[in-house]
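Written out below as structure tokens is the structure these notes cover.
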Ligand code: DGT
Ligand code: CA
Ligand code: CA
């Protein structure tokens, strides 16, 4: 699937155009990129099926961009973009990503101070050369320094929602390549390597919200090891080979992150899987236990200290069992009490994908969603959901085409019509702005008629802690509010959580019977594991929602589910596991 690749290319081209002061085009390119990112299907397939005409049917893609995409799909590059890029000094696109810099300033820095890369910029900031530039000054140098620090922080880790599909793709291609090469070479249909053991480990397997690098483990022996390593370093996605060896190879992908591959023999596979899944803190604690029990634990296996005998290592289960522990799922391995619980056999029975019965946060083209209400409903029904809440934006959210009351009522009519045709319960919902003073964005008589009110803060991110806490508390005390959406307001790699006293927020929410959202959007993951663990101590209930803006977003559920599991949540803690008949316990206004 090349959707992401093409979207990135269009974004990058838009940046370069902006830098060269080409006026209106960048916006069109960004819009096209966004639509491709959110396209529910493989753009290559669209092109195969309907050629260029198919491409122009995608919203925001006109003749010119369609030609460029076709050229990219046919040849792997776009001549015009390469020319444009050739004219822009290299490094400028990264520079423009630094918030607040923009095309104009980047150009002046390049012309007047010869700043062409992020590291040039860093050097100039450190030597205080920017403040001397006319129109920049000390203040703007400090702003650049801060933006630079944020950039570095966010670029060192990748969002789970980006890293996971990337890792799956790499593993898929690697498996395919191994299958073909082994078939032709050995003339046999079944390769000697067990390809089902080729999986991702590390923070990715633990479903951590951001990933430092992608770790992959494979099982192979003898001459097979070299074949796996060869196939790995020659993957088309590889930009640079950092190292290649017999047990470990490292590459840097064209898309940014580093990938480590380790290859181990079958008798060590389980021990290696356990070791490279981490976390480091969990491993250290586990090793202490092994020592106490008279063993030595490493990535090769569990050994008796006295005799050196290999006693476990083929599977993870075997390692944990031998140490007297219940099996611990990867999401819990953070040394947050899971080892003690595994010894006492009191580990939680975590919520599972199969437990989910609905989604309480999704958008349609009534506001900023890209699909029609009917399309979203149809798709949700194929997932097997029992209910969904349609929650388009309320009127003040102008950028997101917030709905006036009349439009909202028209949506209710459509919901009613659709309800006759679909088995699934379609709930009247709204993502209602929590305004500056904590009041909600529709009058009470409208709120009263909604089945589910999802309250959200989308503005005033620089408010003081007192202001923001007060605003949210007021909203939580409003009897019409049901769910607090993305409670911390952070955007991964882009924006920190707003200042708010979450202790007070959770306490108020619990006292008023409100539900905390775990927003599954890859750019949010909010609440994250840590805040979930905190919120749970207040006795709060949660819902895992996708905040879908397109049909394909409905699949983001797995990222939110990952956070819920990392937060030790069980089925009972998450209200969208309840059958519809039980939802009234939580949402009082629900109709039958
Ligand atoms: P990341 O990549 O920063 O998101 O986090 P991880 O957990 O994937 O860490 P990474 O890639 O450095 O290493 C993968 C796993 O290898 C890690 O989760 C546990 C294991 N590991 C790495 N270094 C050590 C170590 O010094 N001691 C122990 N016990 N385990 C380690
Ligand atoms: Ca890693
Ligand atoms: Ca690693």
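The values are calculated or read from the model by the stated rules, or taken from the named source; none is laboratory data. Bear in mind that the values here come from a model prediction, so they are computed numbers and not experimental data. A quick note on method: Cβ atoms are made from the backbone with ideal geometry, for glycine too, and the neighbour counts reach across all protein chains shown.
Just one of (1) within 15 Å of residue 362 (Cα to Cα); (2) in a helix (DSSP H, G or I); (3) free of Cβ contacts under 8 Å to residues at least 60 places away in the same chain fails for residue 401. It is (2).
Taken together, 280, 309, 296 contain a single residue that is over 34 Å from the mean Cα position of the chain (by Cα), modelled with pLDDT of 95 or more and under 20 Å from residue 335 (Cα atoms), which is 296.
Restricting the first member to the range 202-222 and to residues that are within 12 Å of residue 333 (Cα to Cα), and the second to residues that are within 6 Å of ligand 2 (Cβ to nearest atom) and assigned to a loop (DSSP other than H, G, I, E, B), the beta-carbon pairs closer than 7 Å and six or more apart or on different chains are 203/212.
Summed over the range 254-265, residues that are away from ligand 3 (no atom under 12 Å from the Cβ) and surrounded by fewer than 18 Cβ atoms within 10 Å (Cβ to Cβ) total 4.
Checking each residue in the range 225-241 for being free of Cβ contacts under 8 Å to residues at least 24 places away in the same chain, surrounded by 13 or more Cβ atoms within 10 Å (Cβ to Cβ) and not in a helix (DSSP H, G or I) picks out 238, 241.
If you go through the range 199-220, how many residues are part of a loop (DSSP other than H, G, I, E, B), within 10 Å of ligand 2 (Cβ to nearest atom) and either modelled with pLDDT of 95 or more or within 14 Å of residue 165 (Cα to Cα) (or both)? Break it down stepwise before answering.
Pass one, the range 199-220, residues part of a loop (DSSP other than H, G, I, E, B): 201, 206-209, 212-213, 220.
Keeping just the survivors that are within 10 Å of ligand 2 (Cβ to nearest atom) gives 201, 206, 208, 212-213.
From the residues that got through so far, the ones that are either modelled with pLDDT of 95 or more or within 14 Å of residue 165 (Cα to Cα) (or both) too are 201, 206, 208, 213.
So the answer is 4.
Conditions (1) modelled with pLDDT under 90; (2) within 31 Å of the chain's Cα centre (by Cα); (3) assigned by TED's automatic domain parsing to the domain that holds residue 12, marked per residue:
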position: 54; (1), (2), (3): no, yes, yes
position: 75; (1), (2), (3): yes, yes, yes
position: 101; (1), (2), (3): yes, yes, yes
position: 104; (1), (2), (3): yes, no, yes
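Criterion applied to 438, 493 was being assigned to a loop (DSSP other than H, G, I, E, B) and either modelled with pLDDT of 95 or more or under 29 Å from residue 415 (Cα atoms) (or both), and the one residue passing it is 438. Restricting attention to the range 211-224, and to residues there that are within 13 Å of ligand 1 (Cβ to nearest atom) and over 17 Å from residue 197 (Cβ atoms), which single residue is surrounded by the fewest Cβ atoms within 10 Å (Cβ to Cβ)? Among them, the one singled out is 212. Can you name every residue in the range 260-281 that is more than 18 Å from residue 213 (Cα to Cα) and part of a helix (DSSP H, G or I)? Hits for the range 260-281 are 266, 267, 268, 269, 270, 271. The set of residues in the range 42-70 that are in contact (Cβ under 8 Å) with a residue 40 or more places away in the chain and surrounded by fewer than 20 Cβ atoms within 10 Å (Cβ to Cβ) comprises 42, 44, 59.
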